[in-house]
Structures are given as C-alpha cells and as structure tokens.
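Taking it in order: structure first as structure tokens, then the write-up.
The values are calculated or read from the model by the stated rules, or taken from the named source; none is laboratory data. Worth saying up front: this structure is predicted, and the values here are computed from it rather than measured. Cβ coordinates were reconstructed from backbone atoms using ideal geometry, including for glycine residues, and neighbour counts include every protein chain displayed.
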C-alpha cells in the first residue's frame, strides 16, 4: 500500500523515480558533475552515484552561490534529478529548479518534509513527488 | 506574495519579455522562501558572467536577445580568466569564445565590465543602509559588514534577474532583526603586535567561519587600526571556511559601535573565546606543505588592492624572483591601469611577476602552474586551492611570499604571538 507524506511545496511540478537519500548536505558546485549527474565529491557518502532521474533526498543544500548554474546545466543536459526533497529551505538551492522551469520548461519539483517524514524515505523505493498538492507518495 | 502595481506590470510583460521572465523567477523564488514582498534595490554585483556550462550562457543571451536592460547600476564579478590575454594564458579558444559571448550579452544589457570580485576596491561603495543584491561570497560579506549596505547571498543568475527588475525577495539580511548577532566571539590573550600583523586577520576569519557557519557573528577585542585589506582578507576567509554573510567588529564596523548594539535582543547569546591556540589550528589547516619545496606564489584572492601592490613593490625592490618559481597576481582592470600608470607594474614584471586582470586565481590554476605547492597571503585561496584543485599550500604574508619566491623555497617566519 502506498504511503502518503504531506510536505511543503517550494517549487511546483511533478516528478517520480527511485529515491536516493542521504543524511549529508549536498553542494552542487564542486559536488555534482553536470554532464553526467554523478556525485564527484570523494568525501560524500553518495560519491560515484548518479542523481539523474532520481528523487533526491538530502536534509539541506550547502548553499553555494553557483548552485543555480549547476542545476540549470543539469536540466539542459537532461541529467537533473526528477525531484528534490529537503528538510530545510535553501534560497540558493531552489533558484535552479525555478529558473529551469521558466527557461527550459523542465519540471524539477522541490518540497520540504518534516524530519520524521524525511527519515521514512529509503533509497531504492519508488516515489511520486507532487509539488502542486504538496505530497510525496511512496509506492 | 504581494506585488506592487509596478511589479505586476513587470511580471505581465509591460516592460518587455526579459523583465517579465526575471520578475516571474523572483516571484517564484519569493514564494518558495516565504518572502511577503519584494524590496527595491539600488545596485547589483552579478556573477552571471561566470562560465560553468552552456546553460547559464544561453540564459543570459536569451535575456539580452529579449532586449533586457539593467534597471540599476550593475557591476560584474570576475570571470574565469584574463579576457584580453586568455590565449597567452593557455586557455582553449573554445572557452575564450564562451567568455566573449558572456561579455557581449552583459554589455548589451548595460552591465559595467568591472570583472572583479572586489568591486569595493574599484570605488563601487553602496551607501550604508542601502539595499543591494550582490553575488560573490567575499563581496557579500564586505558590503554587508564593512560598508553597512544590505544584501542576501544572491545566487548566480538570480543576480541578473535582480538587475533587470531592480527588485529582490524581501527576506534575510534586508530585515533589521536578522542583522543582529547571536554568537559573540571574544578575543583573548593576543599581544598588541598580533593586531598589526597582516597574517592575523585571515587566520582569525578562517577560525570564525568554521565555528559560526552561516550565522551573524559579533567579534570583540580588536583595538582598532584595521586596514581595508585586513577586513577583506578576514571576510573572505569567513565566507570560505563557513558561509558568513555578515559580521560585526565592535568599534570598527558601522553597525557595531558597541557590543550591545549588534547583539540580538531577548535571545540566548552563545559566546566563544578565540586565543592564539585557535589561530594555530587555522594555520595548520592552511599550511599543508610538508617541506620547503615551492612552485608557485599566488596573490590577489580577493583581487589585489593598490595598497597591496605598493607593499609588494617595496618588498621586491632590488630583488629577482627565482626562475623556477611562478609568481601570479590577479586584480581588477581598474587597479591594473593604476599600477601601470604609476610604474609599479613595470617594476614587478621586471622582477619576474605576472599580473592578470579579470580572472581568478582559483579557476583554471593549471594554466598557471600544473601542480605542486602554492604560497599565498590569502586564507581563502589556501583553502580552495588545496580542497578543490589539489595543490599543497603554505600561508604567509606578502613579505614572506616575496622572500620565498626569491629564495626558491618556502621561507616562513611564524610570529611570536602564534607560538605557544
């Protein structure tokens, strides 16, 4: 049976895919390779894994000012995550998906979950993120 | 989110399609971060001329093609390398062409080709209390803390949207209550000579940034006599080891005439003490070189100031750089012209030093020196050149850098105040 988690919608849109979750923050600049969507920071626990097409869950962004450029590049290269789930809102992190939406017409919803709900996410599960209704559905 | 009639007209295309797209993006951003309304800004420092891939370039060219024009004076952050001399600098023709396209699009939109990460050294000095939208971490912390103007940490490409509309979402450091410190860093056990040592401030900033993350911090105990370059090196260090966007130095920076004036009211204030041992820890992180082998001196992170050039010229008089050592400095076009006009440039070049404009020590360092050990007076540069580019580093004053470059090996003279 599907589990429905209520969330706060930060960037509207729909996205679905396999969950990739981490308790570590992610810096997109210097941390993610735009051409491939791979995590390239050797100190990160998701090192050498692809975020492309995933429902990517991490507690908060590391707030690099170049994050919007990296996310827009991921959108252009079609290597972006299908959706992003955070706990804390980071203005520098939500900007990329917003600009991608207006410029490339891509949909990368960003939502915020409470800590307890966030901790229920497991890598490998399939999830649908509805950034309009404010729901994460785990299948 | 509430928009004024003028802002609704912008969004709905009455001022053209570029403004409409920029305002729509800012409005979505404002909604996401719970901004109740927009704030009018008077200046933008934009990093949208930074090339990271074609997507950013296409976005900026699109805004220019739609007829976008900056609504407020807009200066440009440094780009990836010296625009005029990128070929001799060893950058591919393809990459140079991308930078030329970014330059063309920004000039078409009316941005000022300042190409510097230290616009405050080029006479770009927003009024205290004015609201601006700045990018580039060291410039953000400087404009907030030292000049007393107000900006959030504006993201790349969001900055150019702010420039086209003259607006930014009203949150964070635009608001009085968010500019007060909840952390107090108290300096202890430093002798007077520490405060006049240029090595002191970047080490202090590096320690404080690590301790305080992205929080506003108040620093007490500095007696005065702090130079603009001290504040530059301090702020850049805090923003590279942490994510500091605003600090208060009691008795020195404009929003901190007293400690009470800059501390949060009705809140628990966390106090940390900083002593020479704290800065020894910073120094250890910024000196990774295990022996005295030296390959490269890199200065100008943030961009070298005229005062720093003058100090360097004094140190170099009558000396020659060892031919095995590369010595590179980055500055703004404006300051490059000044050192050219006053004869400093000729003197430095004669001694074997290369001076570049527009670019950044930390981007494409391989074109300057492929690998090895770099020495610098910048805690920010020492931090990133090690963590992002994999060079070994040594931290020292301008004087120590010159002495090392002449000797062809690292020469450091650790100050007595840093010894235990």
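Can you work out which of the residues in the stretch B:205-214 that are under 16 Å from residue B:186 (Cβ atoms) and in contact with a helix residue (DSSP H, G or I) (Cβ under 6 Å, 6 or more places away or on another chain) is farthest from the other protein chains (Cβ to nearest Cβ)? Of everything passing the filter in the stretch B:205-214, B:207 is farthest from the other protein chains (Cβ to nearest Cβ).
Residues that are within 14 Å of chain A (Cβ to nearest Cβ) and out of contact with any strand residue (DSSP E or B) (no Cβ under 7 Å at 6 or more places or on another chain) were ranked within the stretch B:125-140; the one that is farthest from residue B:205 (Cα to Cα) is B:137. If you go through the stretch B:18-27 one residue at a time, do you hit one that is more than 11 Å from chain A (Cβ to nearest Cβ), in contact (Cβ under 8 Å) with a residue 24 or more places away in the chain and assigned to a helix (DSSP H, G or I)? Yes. Looking across the stretch B:287-301, just one residue is over 19 Å from residue B:327 (Cβ atoms) and in contact with a helix residue (DSSP H, G or I) (Cβ under 6 Å, 6 or more places away or on another chain), and that is B:288. Within the stretch B:246-276, the set of residues being part of a helix (DSSP H, G or I) and closer than 21 Å to residue B:230 by Cβ comprises B:259, B:262, B:276. Scan the stretch B:145-173 for residues that are surrounded by fewer than 20 Cβ atoms within 10 Å (Cβ to Cβ), within 14 Å of another protein chain (Cβ to nearest Cβ) and farther than 19 Å from residue A:98 by Cα and the total you get is 2. Assessment of the stretch A:12-19 against the conditions (assigned to a strand (DSSP E or B), more than 16 Å from the chain's Cα centre (by Cα) and either farther than 27 Å from residue B:31 by Cα or more than 14 Å from every other protein chain (Cβ to nearest Cβ) (or both)) yields no matching residue. Might you check whether a residue that is assigned by TED's automatic domain parsing to the domain that holds residue B:44 and closer than 24 Å to residue B:236 by Cα occurs anywhere in the stretch B:89-99? Checked the stretch B:89-99: no residue is assigned by TED's automatic domain parsing to the domain that holds residue B:44 and closer than 24 Å to residue B:236 by Cα. Counting only residues that are over 22 Å from residue B:91 (Cβ atoms) and loosely packed, with under 15 Cβ neighbours inside 10 Å, which one in the stretch B:339-377 is nearest to the chain's Cα centre (by Cα)? Per the stated criteria, the residue is B:340.
The residue list B:237, B:243 contains one member that is over 17 Å from residue B:262 (Cα atoms), within 16 Å of the chain's Cα centre (by Cα), in a helix (DSSP H, G or I) and in contact (Cβ under 8 Å) with a residue 60 or more places away in the chain, which is B:237.
Which one of the conditions (1) more than 14 Å from chain A (Cβ to nearest Cβ); (2) within 25 Å of residue B:118 (Cα to Cα); (3) without any contact (Cβ under 8 Å) to a residue 60 or more places away in the chain; (4) in a loop (DSSP other than H, G, I, E, B) does residue B:75 fail to meet, given that it meets all the rest? Here residue B:75 meets the rest and fails (4). When the stretch A:49-69 is filtered for residues that are in contact with a strand residue (DSSP E or B) (Cβ under 7 Å, 6 or more places away or on another chain) and modelled with pLDDT of 95 or more, the ones remaining, listed by number, are A:49, A:50, A:51, A:53, A:54, A:55, A:56, A:57, A:58. Looking across the stretch A:70-87, the residues that are in contact with a strand residue (DSSP E or B) (Cβ under 7 Å, 6 or more places away or on another chain) and assigned to a loop (DSSP other than H, G, I, E, B) come down to A:81, A:82, A:87. Among the residues of the stretch A:31-50, those that are surrounded by 15 or more Cβ atoms within 10 Å (Cβ to Cβ) and either in contact with a helix residue (DSSP H, G or I) (Cβ under 9 Å, 6 or more places away or on another chain) or within 11 Å of chain B (Cβ to nearest Cβ) (or both) comprise A:31, A:32, A:33, A:34, A:37, A:41.
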